[in-house]
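Written below as structure tokens is the structure these notes are about.
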Amino acid sequence: MLADHLLPGIEALQADTGRVVLHLPFDPALVGDPRTGHVHGGVLTALLDKAVRLAVLCRLPADEGVELLDLRVDHLRATAARAGLQSRAVCRRLTAAIGFVAADVVEADSGVTVVTAAGSVLRTADGEGP
Amino acid sequence: MNEFRDEVLAARASGDCRRLVELIPYARMLGIDFHENAAGELVFRLAYQPENIGNPSLPALHGGAVGAFMEHAAIFELLWRLEASMLPRVVDFSIDYLRPGQPEDAFARCRVWRQGQRVANVAVETWQSGRETTIATARGHFLLSAPESATTS
């Protein structure tokens, strides 16, 4: 589930009972503004998408999956993220149908928060979700 | 003002959308292009590539790819349409996933609901094989100009 060509080199530093930490190293292909070297907002969306789904998935039995219903991202600041990015996601509440997740992305070296996000995730019966 | 702006203006003058995509490394990586249709709307395309599949067992298009695609579409729409003095900067972006994406091309169009001096509000709609099957919608705010006196904390 982790390997993803849109997020080259992504790895999970932590993924257990509802808390996930992913690390994404810097890559020139992630740039959205060539003048400043800032990472594209879509990179952060893709990274959060994965972290939010994983945060719920790792609280579910193996035969269950997830479908992301919505994702809201607030971009607090732009980042060049030369040392890479870390996304942290926590499942705040899990019901029989829905998982509610809070997530953020920080610069890996400074710990400065780049974005905050909230996602709702639907539990599905058919294994690993989309 | 800057080279980037000149490149954007040259791309617009030539009507060649690919020149705009070429300026953004992450757009190249995703495999995005767009064209202006007969109605004068910009239609964006996320070209199908096997790497964009998030779940091989379904298989379904990766939600992150769809989200990143929609954010690109909004930015390109603003760049193509507006006299923006800078690359629009995303303030917030909210995505609703309506159904799983199929392993095929995805398309998007944008609607700029409001364009102020400094901020634009843009809605994005993404569909596949037939305009009636919307797979995701999104809305976001984008900064169009830098504040004159930047105070940050």
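The values are calculated or read from the model by the stated rules, or taken from the named source; none is laboratory data. Every value quoted in this text rests on a predicted model; they were computed, and no experiment measured them. Because the Cβ atoms are built from the backbone with ideal geometry, glycine has one as well, and the counts that use them run over all protein chains shown. To get the accessible areas, we keep the full protein, side chains included, count just its heavy atoms, and leave off ligands, DNA and RNA. Shrake-Rupley method; radii C 1.70, N 1.55, O 1.52, S 1.80 Å.
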**Asked** Do we have residue B:29 as part of a loop (DSSP other than H, G, I, E, B) and open to solvent by 30 Å² or more (accessible area, probe 1.4 Å) here?
**Response** no
**Request:** Pick out the one residue from A:80, A:108, A:55 that is small (Gly, Ala, Ser) and either under 21 Å from residue B:98 (Cβ atoms) or surrounded by fewer than 16 Cβ atoms within 10 Å (Cβ to Cβ) (or both).
**Result:** A:80
**Request:** Could you figure out which of (1) at pLDDT 85 or above; (2) open to solvent by 20 Å² or more (accessible area, probe 1.4 Å) isn't true of residue B:126?
**Result:** (2)
**Prompt:** Restricted to segment A:63-80, and to residues that are out of contact with any Asp or Glu (no Cβ under 8 Å at 6 or more places or on another chain) and without any contact (Cβ under 8 Å) to a residue 60 or more places away in the chain, which residue is farthest from residue A:114 (Cα to Cα)?
**Reply:** A:80
**Request:** Go over the candidates A:7, A:24, A:68 one by one and state the one that is crowded, with 16+ Cβ neighbours inside 10 Å, modelled with pLDDT of 95 or more and touching a strand residue (DSSP E or B) at 6+ places or on another chain (Cβ under 6 Å).
**Result:** A:24
**Asked** Would you say residue B:82 is away from every other protein chain (no Cβ under 12 Å) and not basic (Lys, Arg)?
**Response** yes
**Request:** Give, as residue ranges, the strands (runs of 3 or more DSSP E) completely inside segment A:1-118 that count at least 3 residues that are away from chain B (no Cβ under 13 Å) and over 30 Å from residue B:3 (Cα atoms).
**Result:** A:11-16, A:19-24, A:85-94, A:98-107
**Single unsatisfied condition, residue A:33 versus (1) within 16 Å of residue B:68 (Cα to Cα); (2) buried (at least 23 other Cβ atoms within 10 Å of the Cβ)** = (2)
**Fill in**
Given the conditions (1) assigned to a strand (DSSP E or B); (2) buried (at least 17 other Cβ atoms within 10 Å of the Cβ), every one holds for residue B:43 apart from (2)
